[in-house]
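Nothing in this text is a laboratory measurement; each read-out follows from the coordinates by a stated rule. Note that this is a predicted model, so its numbers are computed, not measured. Note that we place each Cβ from the backbone using ideal geometry, even for glycine, and neighbour counts take in every protein chain shown.
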Amino acid sequence: DSPTFQTYNSLMNWADSIRRLKVRTNADQPDQASNAIAFGAEGIGLCRTEHMFFGENRIMSVRKMIVADTVEERKAALSELLPLQREDFEGIFRVMKGYPVTIRTLDPPLHEFLPHTEKEINELAQALGISYQTLKAKIDSLHEFNPMLGFRGCRLGVLYPEITEMQARAIIEAAINVMNEGVKVKPEIMIPLVGHVNEFKLQEDIVRRVADEVMKEKGKKIDYLVGTMIELPRAAVTADEIATRAEFFSFGTNDLTQTTFGLSRDDAGKFLPLYVQQEILPADPFETIDQQGVGKLVEMGTKLGRSSRPNLKVGICGEHGGEPASVEFCHRTGLDYVSCSPFRVPIARLAAARAVLNERTTKTTKSKVAAKPKAKSAGKTKAKAKKK
Ligand code: PEP
Ligand code: MG
């Protein structure tokens, strides 16, 4: 009831009344999701399921799944995770009350899940009934020199389809259970790190087959979408092919920036500030979309995607989704929504509104310039100066 809150509220209501971009949030837990709703989020744009796997009661099953030698072993580990994942999704669907919820299938940098300490390796060896040395050899064989460009994203689900099967089952079972409680649900299943349409097709086939199975078992139908992250340059430049199958795109600009610049997102902080300080780059591209490079791929991906699927829903869920200049860029590029961390939702709502105002100003300036031919060059110079 405080005057400050009232001012905030009327400002935000004004922003909502003029913005075109929807604003969603990145959230993996029901409490994060409800915080985001309080900040005005209109859905979840990214639920990172790998974050759900680090809990005390889960990491052991995840590790068993990763070091499994056979499909049976992997399935046994996954069956321990299924009820827990189902509960995770039920919690989120309940809080989101019919808003769209984009759940991404597993995208682990493998090394983060592997046991590291002697104690962790011993515990896992005991649980598996194998020797420390045997397990250590297995873990060593999984070592990657560059895990962020390694066996992650959909590559895991493509080669181990039972992982995607478990997650698809957990999502659809949870959606039907929550729908049976009288709450609306709108699941969107998202495949990460797709670089080739074949990867998407394989994952989509699994999701649709499992969804059909679950709906038959439960005697209930639900609507859901299957879409993809666009976070590799190859995905952006073949977006027309990918959109023949994907029902939505979400630009993962964290990875897209990393792969476009060939610059590790984990190490960039060591020297990027110097690049910015010395004006080699105008801004940190991991914070503000680099419009000449990454942004071109976003534009190209959106255009190509919609050339084969005109109603393709397009969003962004990289960190840029809550950064004002990037939000404006997303508006100009014709995206449908941005998704950002809960605390950035109000900023994104304001930036989306400002984008509309700036667009109106530019249009008015242009039409005035067109009406007065003499003022043309002056108008152009102004517009240019403003852009800079
Ligand atoms: C991204 O790459 O932009 C993204 C949202 O995925 P993550 O940060 O989980 O890799
Ligand atoms: Mg990513």
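General remarks:
- Euclidean distance of C-alpha centroids, segment 57-108 and segment 198-266, integer Å: 18
- Rounded, prolate or oblate (a/c below 1.5 giving rounded, otherwise prolate when a/b exceeds b/c) for segment 130-181 by Cα gyration tensor: prolate
- Proxy reagent accessibility, fewest Cβ within 10 Å first, across Ser61, Ser326: Ser61, Ser326
- Degrees separating the helix 376-387 axis from the principal Cα axis of the chain, which is the longest one: 30
- Between helix 197-218 and the chain there is an angle of about 70 degrees, using the helix long axis and the longest principal axis of the Cα atoms.
- Partner aspartates and glutamates whose Cα lies under 17 Å from the Cα of Lys119, excluding those fewer than 8 positions away in the same chain, are identified as Glu56, Asp140.
- The Rg/Rh ratio for segment 143-277, using Cα coordinates for both the radius of gyration and the Kirkwood hydrodynamic radius, is 1.07.
- When the chain is treated as a GNM with alpha-carbon contacts under 10 Å, the residue of Lys296, Lys184, Lys270 showing the greatest mean-square fluctuation is Lys270.
- Solvent-free Debye scattering, log10 I(q)/I(0), computed from the Cα coordinates of the chain at q = 0.11, 0.13, 0.14 Å⁻¹: -0.85, -1.13, -1.28
- For the chain, a Gaussian network of Cα nodes joined below 10 Å ranks Lys366, Lys220, Lys313 by mean-square fluctuation, and the top entry is Lys366.
- Translational diffusion coefficient (Stokes-Einstein; Kirkwood radius from C-alpha pairs) of segment 259-383 at 4 °C, 1.567 mPa s, in µm²/s: 78
- Of the GluC sites (Glu not before Pro) in segment 289-372, those whose Cβ has at most 15 other Cβ within 10 Å and which sit in DSSP loop: none
- Charge dipole (debye, nearest 20) of the chain; +1 at Cβ of Lys and Arg, -1 at Cβ of Asp and Glu: 2860
- Sorted by Cβ neighbour density within 10 Å, fewest at the top, the residues Thr7, Thr105: Thr7, Thr105
- Against the chain, whose longest principal axis is taken from its Cα atoms, helix 71-96 shows a tilt of about 40°.
- Short-range pairs are left out: with C-alpha atoms under 8 Å and at least six residues apart, the relative contact order of the chain is 20 percent.
- Among Thr257, Ile242, His196 the positive-end extreme of the charge dipole of segment 137-268 (Cβ point charges): Ile242
- Cα shape, segment 54-188, gyration tensor, a/c 1.5 rule: prolate
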